[in-house]
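Chemist: Quick one: this structure, given as structure tokens, is what I'll be asking you about.
The values are calculated or read from the model by the stated rules, or taken from the named source; none is laboratory data. What you are looking at is a predicted structure, and each value in this text was computed from that prediction instead of being measured. Neighbour counts are summed over all protein chains in view; Cβ atoms, including those assigned to glycine, are modelled from backbone coordinates with ideal geometry. When the accessible area is computed, the model is the full protein with side chains, heavy atoms only, and any ligands, DNA or RNA have been set aside. Shrake-Rupley method; radii C 1.70, N 1.55, O 1.52, S 1.80 Å.
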Amino acid sequence: IQLKEKQKIKAMYGVLERQFRNYFHKADKMKGETGLNLLKLLECRLDNVVYRLGFASTRAQARQIVSHAHFLVNNRKCNYPSASINPGDIIKVRDKSKKLDIIMDSMKRIKGDIGLTKLITFTNFFKQLQKANVGSFASRR
């Protein structure tokens, strides 16, 4: 059962075995439950934060648009999907990327123009400034 759960989490977050093992070792060294710490570390990845903020419809899509450098983290270009985001970091769409269809569709979806319910009901962790194409990572709880 544990192996299946590990494989599910690896597939869900798009992490390979070595990366997963490194996250596990970091989580094991942190105070508290290792499993919860592991999930916190995985949730703090840039590709996951972009997905949670609603800029992408899947984690794979979020990984791709992050690796194509369509986002700024604290006003610096970041194209590493595995970059760890800290509380208070600002994630912003680059100016020249705002015209892309993927970004425009996601912004319509976030604002509710497409008829979907608000994607950000999970916002204990995230704050989103919808008009500015900006999101902020609030806490790691």
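Chemist: With 96, 118, 131, 127 as the choices, which residue is of a type outside the set (S, T, N, Q), in a helix (DSSP H, G or I), farther than 24 Å from residue 18 by Cβ and modelled with pLDDT under 80?
Modeler: 131 is the lone residue from the list that is of a type outside the set (S, T, N, Q), in a helix (DSSP H, G or I), farther than 24 Å from residue 18 by Cβ and modelled with pLDDT under 80.
Chemist: When you go through 41, 3 one by one, which is the residue that is in a helix (DSSP H, G or I) and closer than 20 Å to residue 86 by Cβ?
Modeler: Matching residue, one of 41, 3: 41.
Chemist: Also, I was wondering about something else. Please specify each residue of region 1-19 satisfying the condition of being open to solvent by less than 30 Å² (accessible area, probe 1.4 Å) and either among the β-branched types (Val, Ile, Thr) or at pLDDT 95 or above (or both).
Modeler: Hit for region 1-19 is 15, nothing else.
Chemist: Every residue in region 101-115 that is open to solvent by 70 Å² or more (accessible area, probe 1.4 Å) and at pLDDT 60 or above, please.
Modeler: Across region 101-115, the qualifying residues are 101, 102, 104, 105, 108, 111.
Chemist: Which is within 27 Å of residue 74 (Cβ to Cβ) and modelled with pLDDT of 95 or more, of 22, 48, 37?
Modeler: Exactly one residue qualifies, and that residue is 22.
Chemist: Based on what the data block shows, is residue 140 touching a Pro at 6+ places or on another chain (Cβ under 7 Å), at pLDDT 80 or above and not hydrophobic (A, V, I, L, M, F, W, C)?
Modeler: Considered against the rule, which asks whether it is touching a Pro at 6+ places or on another chain (Cβ under 7 Å), at pLDDT 80 or above and not hydrophobic (A, V, I, L, M, F, W, C), residue 140 comes out as no.
Chemist: If the requirement is being open to solvent by less than 40 Å² (accessible area, probe 1.4 Å), assigned to a loop (DSSP other than H, G, I, E, B) and among the aliphatic types (A, V, I, L, M), which of these qualifies: 62, 56?
Modeler: Step by step, each of 62, 56 is checked, and only 56 is open to solvent by less than 40 Å² (accessible area, probe 1.4 Å), assigned to a loop (DSSP other than H, G, I, E, B) and among the aliphatic types (A, V, I, L, M).
Chemist: What number of residues in region 37-55 are over 15 Å from residue 12 (Cα atoms) and touching a residue at least 24 places away in the same chain (Cβ under 8 Å)?
Modeler: So the answer is 3.
Chemist: So which pairs qualify, if the first residue must be in region 19-36 and part of a helix (DSSP H, G or I), the second must be of a type in the set (Asp, Glu) and exposed (fewer than 12 other Cβ atoms within 10 Å of the Cβ), the Cβ gap must be under 8 Å, and the two must be at least 6 apart or on different chains?
Modeler: Hits for this filter: 34/28.
Chemist: Which residues, counting only those in region 74-85, are under 15 Å from residue 96 (Cα atoms) and modelled with pLDDT under 90?
Modeler: Residue satisfying the conditions is 75 alone.
Chemist: Then there is this: Pairs under 7 Å by beta carbon, first residue farther than 13 Å from residue 65 by Cα in region 86-100, partner among the charged types (D, E, K, R) and open to solvent by 70 Å² or more (accessible area, probe 1.4 Å), six or more apart or different chains?
Modeler: Here the result reads 87/140, each pair linking region 86-100 to a residue that is among the charged types (D, E, K, R) and open to solvent by 70 Å² or more (accessible area, probe 1.4 Å).
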